[in-house]
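Undergrad: Shown below is the structure under consideration.
The values are calculated or read from the model by the stated rules, or taken from the named source; none is laboratory data. As the structure is a computational prediction, the values presented were derived from the model and not from experiment. Glycine gets a Cβ as well: all are built from the backbone with ideal geometry, and neighbour counts include every protein chain shown. Calculation scope for accessible area: heavy atoms of the full protein, side chains included, ligands and nucleic acids excluded. Shrake-Rupley method; radii C 1.70, N 1.55, O 1.52, S 1.80 Å.
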Amino acid sequence: GVGFGLQSIFNNYVSGLIILVERPIKIGDYIQVGGLEGTVKKISVRSTEIETIHRQSVIIPNANLITDPVTNWMHLDKSCRLDIAIGVDYLTDVELLRTTLLGVAQNQRGALKSPPPVVHFAGFGDSSLDFELRVYLRDVGERIKSSSELRFGILTALRDAGIVIPFPQRDLHI
């Protein structure tokens, strides 16, 4: 039993040394690992502490950061891509929709000018034409706030342009 316990401690210790030398993550990075995501607050030899968006401190053994897939949103820079799905009525003028969505995205604080926002026609849904607005943000830390602001802006702009967001319709034959 003692041997297995020491094996785990030694594994975490060696993993901690690898993290400190290679620096795949550093303090301040926003990471996802094992279903958790948050900002790295402390890296020690045995474990790493992250703070979630709910302000919870989670201690992760360093071996998990070496053996499990880790998404580091800030490894190279702080920017990220935000994708927002929008479904509109089949009778919608799609060019009006495109210009409306791009106008909202270009007025979004924190949105990068390069690469520019883009609207993709994602497909034909059961009750809607499905589009996706892709916006690149300057700071991944603003992702949740920016996505909410964009959705509010999109809803207002679509209403002002007379573009309808349909609800699922079902025909029932008895």
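Undergrad: Can you give me the distance in nm between label points at Q32 and K78, each placed 7 Å from the Cα along the Cα-to-Cβ direction?
TA: Here the answer is 2.1 nm between the modelled labels.
Undergrad: Further question: Give the cross-link partners of K113 among the lysines, using a straight C-alpha distance below 18 Å as the criterion and excluding same-chain residues fewer than 8 apart.
TA: Once the sequence-local lysines are set aside, what remains near K113 is K78.
Undergrad: Another question, then. Can you list the HN-Hα couplings for region 128-142, worked out from phi with the Karplus curve (6.51, -1.76, 1.60; θ = phi - 60°), rounded to whole Hz and with x for Gly and Pro?
TA: 8, 8, 9, 10, 9, 9, 10, 10, 9, 9, 5, 9, 4, x, 9
Undergrad: Could you work out what % of the accessible surface of region 53-169 is carbon and sulfur, using a 1.4 angstrom probe and leaving DNA, RNA and ligands out of the count?
TA: It is 54 percent, rounded to a whole number.
Undergrad: In whole Hz, what ³J(HN,Hα) sequence does region 109-124 give by Karplus (6.51, -1.76, 1.60; θ = phi - 60°), x for Gly and Pro?
TA: Values, residue by residue: 5, x, 7, 6, 7, 9, x, x, x, 9, 10, 10, 7, 7, x, 9 Hz.
Undergrad: Between D171 and F10, what is 0.36 nm times their sequence separation minus the Cα-Cα distance? Round to one decimal in nm.
TA: Taking 0.36 nm per residue and subtracting the Cα distance, the gain is 51.6 nm.
Undergrad: Measuring from label point to label point, each 7 Å out along Cα→Cβ, what is the E95 to I144 span in nm?
TA: Simple spin-label model gives 4.1 nm for this pair.
Undergrad: Treat every Asp and Glu Cβ in region 1-136 as -1 and every Lys and Arg Cβ as +1, leave all other atoms uncharged, and give the resulting dipole magnitude about the Cα centre to the nearest 20 debye.
TA: 760
Undergrad: Going Cα to Cα from K42, which aspartates and glutamates come in below 13 Å? Please leave out same-chain ones fewer than 8 positions away.
TA: D29, E51
Undergrad: Can I ask one more? At 1.4 Å probe radius, can you tell me the per residue accessible area of the chain in Å²?
TA: 64
Undergrad: I've got another one for you. Working from the pairwise distances between different alpha carbons, so that the mean of 1/r is found and then inverted, what is region 1-104's Kirkwood radius in Å?
TA: Evaluated on region 1-104, it is 16.4 Å.
Undergrad: Now, a different point. Given N62, L137, I84, which one lies farthest toward the positive end of the charge dipole of region 55-139, if we put +1 on the Cβ of every Lys and Arg and -1 on the Cβ of every Asp and Glu?
TA: Farthest towards the positive end: N62.
Undergrad: If you don't mind, another one. Output wanted: per-residue J couplings in Hz (rounded whole) for region 20-33, from phi through Karplus 6.51 cos²θ - 1.76 cosθ + 1.60, θ = phi - 60°, x for Gly and Pro.
TA: 5, 7, 6, 6, x, 9, 9, 4, x, 5, 9, 10, 10, 8
Undergrad: Roughly how far apart, in whole Å, are the Cα centres of region 1-35 and region 38-74?
TA: Comparing the Cα centres of region 1-35 and region 38-74, I get a distance of 9 Å.
Undergrad: Mind grabbing the accessible area of K41 for me, 1.4 Å probe, Å², rounded to tens?
TA: Near enough 100 Å² of accessible area.
Undergrad: Lys/Arg Cβ at +1, Asp/Glu Cβ at -1, dipole of region 1-136 taken about the Cα centre: which of L17, Q32, T48 is farthest positive-ward?
TA: The one lying farthest along the dipole's positive direction is L17.
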